Amino acid sequence: MNFINTLEFAQQQDKADSLSAFRNRFFFPELNGKEAIYFCGNSLGLQPKTAAAALEQELNDWAKFAVEGHFHAKNPWFSYEKMFDKPLAKLVGAKPSEVCTFGSLTNNLHLLMVSFYRPTATRFKILCEEKPFASDQYALESQVKFHGFNPNEAIVELKPRAGEYTLRTEDILAKIEELNDELALVMIGGVNYYTGQAFDMKSITEVAHKVGALAGFDLAHAMGNLVMNLHDWNVDFACWCSYKYLNSGPGSVAGIFVHESHGNNANLPRFAGWWGNNPNTRFKMEKGFVPAVGADGWQLSNAPIFSMAVHKAALNIFDEAGIENLRGKSEKLTAYLEFIVEQINSPRSNVQSPKITILTPRDKDQRGCQLSLVFSEDGKQVHEQLLKAGIITDWRNPDVIRLAPVPLYNSFEDVWRFGNELQRILNA
Ligand SMILES: *Cc1c(COP(=O)(O)O)cnc(C)c1O
């Protein structure tokens, strides 16, 4: 594809984009009385315009039915979470019984590690990416300590080669082989939140299994961003949140994947609650936990209906757009952003070091929609200037601006306008 750095070209791309109308399904924040250009869908997705009505439905049913709403609400609360099985299974490439909607990301990561991090005296190591998201770091560290191991010894971090920003798949696989029978678990992000690198979950899982370890993924930045096939890849487990690319609202309900080879194993150790019990005997309130079959067996509590109502509204939009279509647009949109950034860099090619470095892999198969830009100087000021110009990006210390052109609601024009403003800021 030959891109052109003009408003006209960007607008032409939007006209030709069959998904462009989905932009109108979302509320955009305002800056200086004008609709902002929003590139932070990787942090908090925009509000679907259908969210309020979905929420109101549940408020009305609560008013009208009170406790009877568990069975008589329009969407009965007793089995509310089952509505998400099919749409989520499509998003992660799983069987509906392999996914479940409940809890929050870090809570669920702990619950899954209770089942899938079962260290022994000799096989106790966890392999993760360097500096994972803080919450994941704390979860891994505390799990390791809980089992009586030293995090410095038990947690092995993958580091990029000298002079490189991201990990090479071959190096990840080699490390798994090297750790071999000391390795209990590979636990990394589907997409790294900082660099935007997407990992080869299929190969990682394959090699982890070869050495007798399990493979789990934190899909916070992969969900609704990548096309995945967790079932066929034999991934053991995964977890995600719904407020980033899934647009389900701040702190909204999360979800998990457990491969059916584990989900049907009632003997797997786990921390249990009544909602994870076989639904047929859930209300008998009897002694002796009998897990529900599949991922449902990891639930603890009854469903948070209000956040699920918004989640439902948000997932309906994904279902309509189709994750493959979204990914198709996403590859192009991010490539356009990459092209624009390179254009801004090129007049300075006579300068020794480029002003802007793209941390994220250039290979589209190794990234989602996000690009992470490092500015050789004044990055923080650039971020603030962009905000003044009505463009919301994300600043991460020490030196990165993260940009997520989201295919559901960002346009080629958004990307062009960003580039235009950035050029103006750098020239000033
Ligand atoms: C966003 C994010 C989290 C946030 O965890 P919560 O439990 O939802 O607060 C955790 N890990 C990663 C990798 C994330 O990107």
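No lab work stands behind these numbers, since they all come straight from the coordinates. Because the structure is a prediction, the values reported are computed rather than measured. Methodologically, a virtual Cβ is constructed for each residue, glycine included, from the backbone with ideal geometry; neighbour enumeration extends over all protein chains shown.
Positive end of the dipole of the chain (Cβ unit charges, origin at the Cα centre): among N280, T357, F133, the Cα lying farthest that way belongs to N280. Close amide H partners of F28, meaning residues 5 or more places away or on another chain with modelled amide H under 5 Å apart, do not exist here. Checking the a/c ratio against 1.5 first, then a/b against b/c, what shape does the Cα gyration tensor give for the range 198-340? Cα axes put the range 198-340 in the oblate bin.
Under the combined filter of DSSP loop state and at most 13 neighbouring Cβ atoms within 10 Å, the range 31-99 retains these trypsin sites (Lys or Arg not before Pro): K49, K74. When the pairs K15/K329; K64/K90; K244/K329; K90/K244; K202/K312; K175/K210 are compared against a 22 Å limit on Cα-Cα distance, K64/K90; K202/K312 fall above it.
Each of D181 and Q381 was given a label point 7 Å from its Cα along the Cα-to-Cβ line. The distance between the two points is 5.9 nm.
On full extension, the segment bounded by N265 and L7 gains 87.3 nm, given 0.36 nm per residue less the C-alpha separation. Computed from Cα atoms alone, the Kirkwood hydrodynamic radius reported for the range 261-314 is 12.1 Å. Considering the chain as a Gaussian network with a 10 Å cut-off on Cα pairs, which listed residue, L333, L55, L214, attains the greatest mean-square fluctuation? Taking springs between Cα atoms under 10 Å, the residue moving most is L55.
Kirkwood radius for the chain, taken over all pairs of different Cα atoms as the inverse mean of 1/r, rounds to 22.8 Å. Full extension of the chain between N234 and R161 gives 23.4 nm of extra length, using 0.36 nm per residue less the Cα-Cα distance.
Length available on full extension from H70 to N152: 0.36 nm per residue minus the Cα-Cα distance, which gives 24.8 nm. Positive-end ranking of S20, P304, V92 along the dipole of the chain, with charges on Cβ about the Cα centre, is headed by P304. Put a dot 7 Å past the Cα of E206, heading toward its Cβ, do the same for R118, and the two dots end up 2.6 nm apart. Hey, what angle do you get for helix 323-345 against the long axis of the chain, alpha-carbon based, 0 to 90 degrees rounded to 10? Approximately 30 degrees, to the nearest 10.
Shown here for the range 321-428: trypsin sites (Lys or Arg not before Pro) in loop regions (DSSP other than H, G, I, E, B) with at most 14 other Cβ atoms within 10 Å, namely R362. Oblate is the label for the range 19-134, because a/c, from the alpha-carbon gyration tensor with a ≥ b ≥ c as root eigenvalues, is 1.5 or above and a/b does not exceed b/c. Both radii were evaluated on the Cα set of the range 100-226; the Rg over Rh quotient, with Rh as the Kirkwood radius, amounts to 0.93.
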